[in-house]
Amino acid sequence: MQYNWTFRLGCFNMFTGILMGALGGHKKWERDVQDNFSRAQLMNFVSNVGILVASQKSIYPAIAFQLGIFLFSGSIYHRCFTGDKEATKSLPPIGGTLMMVGWLILLL
């Protein structure tokens, strides 16, 4: 069976999601930072499932999911690990919107 690049991307993203969980799971954070990290992880994994599903259908939802992961989860991971709340504060809403767009594209 030949796998396309979106399937491989989804698998790689699953790997990086687990890696981020391992790195962040052993860190002692304040409750709100831990909640933000957990939310970023959840959205990362849900969107990765979307990429894996999209690998069988179309490239467009996979692109939306990947950009959404980068902008939403990536910026929250950055915020959690660095403590810098200002640098990426406008990116999560854009990323979350792209994640929703990915699911809508799959729906259609």
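The values are calculated or read from the model by the stated rules, or taken from the named source; none is laboratory data. Given the structure is predicted, the values throughout are model-derived calculations rather than measurements. Please note: Cβ atoms are built from the backbone with ideal geometry, for glycine as well, and neighbour counts cover all protein chains shown. Only protein heavy atoms, including side chains, enter the accessible area calculation; ligands, DNA and RNA are left aside. Shrake-Rupley method; radii C 1.70, N 1.55, O 1.52, S 1.80 Å.
A few notes on this one:
- In degrees, nearest ten, helix 59-68 long axis to first principal axis of the chain (Cα): 0 degrees
- Under a model in which nothing but the beta-carbon of Lys, Arg (+1) and Asp, Glu (-1) is charged, the chain shows a dipole of about 100 debye around its Cα centre.
- Per residue, the average separation of C-alpha pairs within less than 8 Å and at least 6 apart gives the chain a relative contact order of 28 percent.
- Listed residues Cys11, Cys80 arranged by accessible area, highest first, probe 1.4 Å: Cys11, Cys80
- Value of D in µm² per second that Stokes-Einstein yields for the chain, Kirkwood Rh from Cα pairs, at 25 °C (0.890 mPa s): 175 µm²/s
- Computed [θ] at 222 nm, helices only, for the chain once each DSSP H run of length n ≥ 4 contributes -39500 (n - 2.57): -25000 deg cm²/dmol
- Backbone N under 14 Å from the Thr97 label point (7 Å along Cα→Cβ), restricted to the range 26-61: none
- Centroid-to-centroid separation of the range 54-76 and the range 16-44 [C-alpha atoms, Å]: 19 Å
- Measuring nothing but protein heavy atoms, the accessible surface of the chain at 1.4 Å probe radius is 67 percent carbon and sulfur.
- Whichever lysines have a C-alpha closer than 27 Å to that of Lys27, once near sequence neighbours (fewer than 8 apart) are set aside: Lys85, Lys89
- Local net charge near Ile63, Cβ-Cβ under 15 Å (Lys/Arg +1, Asp/Glu -1): +2
- Gaussian network model of the chain, springs between alpha carbon atoms under 10 Å - residue of Phe15, Phe70, Phe45 with greatest fluctuation: Phe15
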